Amino acid sequence: MEKRVYNFSPGPAVLPMPVLEEAQRDLLCLPGAGASILEISHRSKTFDKIINGAEANLRKLLGIPENYRVLFLQGGALLQFGMIAMNLLRGAKSADYVVTGTWSKKASEEAKTQGAIRLVWDGKPTNFNRVPKQNELSFDSGAAYAYLCSNETIQGVQYPAVPDTGSVPLVCDSSSDFLSRPVPVEKFGLLYACAQKNAGPAGVTIVIIRDDLVARSPSDVPSLLNYKLLAEAKSLLNTPPTFGIYIVKLVTDWLLNEIGGLEKMAEQNRRKAKILYDVIDGSDGFYQGHAEPGCRSIMNVPFRLRNPASDEPFLKQAASQGLCELKGHRSVGGCRASIYNAMPVEGVQLLANFMQEFRDKNK
Ligand SMILES: Cc1ncc(COP(=O)(O)O)c(C=O)c1O
């Protein structure tokens with residue numbers, strides 16, 4: 001096998017080694033099935049066990065209450081931007097959106113195709129470097145829902161706690177911090193995440209939705225976009241992304257059995273993030289973080305070098321040491337280290353050492 005690098009990609013992203021090894025081991029023949037996961041029916045007993053197992057693991061990890069459905073859907077997180085509005089906004093007065101970066105902005109634009117929205121807060125004036133405080137948020141009690149993105153992958157801003165939306169159902173894009181820390185699911189009406197950061201490969205999106213919101217889906221929404229019909233069919237209206245769901249099962253097994261749950265995972269994630277933010281803060285401005293300290297993401301760490309001309313040598317030298325995919329998004333510039341669950345502490349420590357050495361040689 002070629003040597004694996006430390007992959008700091010924002011997604012699709014690094015997966016846990018034991019998951020890749022198990023998938024590799026069982027790729028030709030799933031134990032007891034006589035065929036591979038890529039070849040069996042989604043209506044088979046074997047697949048039934050896999051999808052039910054993935055759901056049970058998610059329920060256990062997140063403490064998902066009984067009155068929530070767990071759906072495994074296709075179309076990525078972006079499809080949810082529109083689907084949420086199709087199911088919950090159509091026919092309603094309006095929905096409240098909190099815009100803290102690229103992804104919540106895009107979600108608000110998609111929602112506008114289905115109905116009226118109200119911007120509750122917009123982080124654009126400060127270039128999306130923070131999330132609002134509770135006292136900056138005022139929700140419309142008549143809104144169909146209040147929408148936010150718990151972790152903006154590009155800007156690296158994350159809510160330290162779940163905002164209180166009162167009686168308005170909270171809808172949250174948790175794509176890039178799903179399963180990275182415990183979450184009070186009961187505070188959400190709908191919580192969703194594409195899998196390709198912390199939960200599995202691209203191709204499956206997990207939607208956790210409360211029963212009263214499921215019941216709201218209008219009957220003229222086509223079946224594959226209709227939460228009610230998808231929930232009734234337990235995500236099996238048509239062929240679901242079987243391989244993706246299988247990997248979600250393995251990743252959640254890993255979180256439960258090897259990591260020991262989300263509190264343990266969060267501890268490790270906070271430790272990794274601190275290693276990088278300490279280097280940034282201790283660099284006398286050589287490295288500059290994008291997010292304000294109170295809302296720095298523990299998953300995505302965007303930073304700029306004081307001299308943008310150093311970006312290229314930084315990225316090149318990092319890659320030569322096996323520290324890869326560190327280029328920042330064009331809208332923020334500079335660099336970004338995505339340090340999802342499966343990035344080992346040792347990878348982050350190597351990056352921190354490299355950053356210190358690079359600074360010492362170039363300051
Ligand atoms: C927070 C967030 N929301 C939505 C998306 C879009 O996800 P997808 O490509 O699965 O549609 C991303 C992708 O990076 C993301 O980070």
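Summary of computed values
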| item | result |
| --- | --- |
| Listed pairs Lys49/Lys112; Lys93/Lys249; Lys187/Lys272; Lys274/Lys361 exceeding 29 Å between Cα atoms | Lys49/Lys112; Lys93/Lys249 |
| Neighbour-count order for Arg69, Arg25, Arg59, fewest beta carbons within 10 angstrom listed first | Arg25, Arg59, Arg69 |
| Alpha-carbon Rg with Dmax, taken over the range 87-139, Å | 11.6, 34 |
| Cross-link reach list, aspartates and glutamates versus Lys363, counting only Cα pairs under 19 Å and skipping chain neighbours closer than eight places | Asp278, Asp281, Asp284, Asp311, Glu312 |
| Charge tally in the Cβ shell below 15 Å around Ser108, where Lys, Arg are +1 and Asp, Glu are -1, Ser108 excluded | -2 |
| Likely footprinting exposure, Thr165, Thr153, fewest C-beta neighbours within 10 Å first | Thr165, Thr153 |
| Cα centroid of the range 18-77 to Cα centroid of the range 166-187, whole Å | 22 Å |
| Candidate aspartates and glutamates - alpha carbon under 16 Å from Lys105, same-chain residues fewer than 8 apart omitted | Asp96, Asp122, Glu152, Asp173 |
| Most positive-pole-ward Cα, Met265, Pro18, Leu79, against dipole of the chain from beta carbon charges | Leu79 |
| Normalised alpha carbon radius of gyration of the chain [divisor 2.2 N^0.38 Å] | 1.00 |
| Sum of -39500 (n - 2.57) over DSSP H runs of 4+, divided by residues of the chain (222 nm, nearest 500) | -10500 deg cm²/dmol |
| Cβ-defined net charge surrounding Leu27, 11 Å radius [Lys, Arg +1; Asp, Glu -1] | -3 |
| Distance between the range 303-363 and the range 95-110 - C-alpha centres, whole angstrom | 29 Å |
| Globularity ratio of the range 261-362, using Cα Rg and 2.2 N^0.38 Å | 1.02 |
| DSSP-defined antiparallel bridges as percent of all bridges, the chain, nearest 5 | 60 percent |
| Sorted by Cβ density within 10 Å, fewest first, the residues Ile154, Ile208 | Ile154, Ile208 |
| Considering only the range 261-362, percent of DSSP beta bridges that pair antiparallel, nearest 5 | 100 percent |
| Normalised alpha carbon radius of gyration of the range 152-286 [divisor 2.2 N^0.38 Å] | 1.25 |
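Values in this text are rule-based calculations from the coordinates and carry no lab data. Nothing here was measured: the structure is a model prediction, and the numbers come from that model. Positions of Cβ are backbone-derived with ideal geometry, glycine not excepted, and every protein chain shown enters the neighbour counts.
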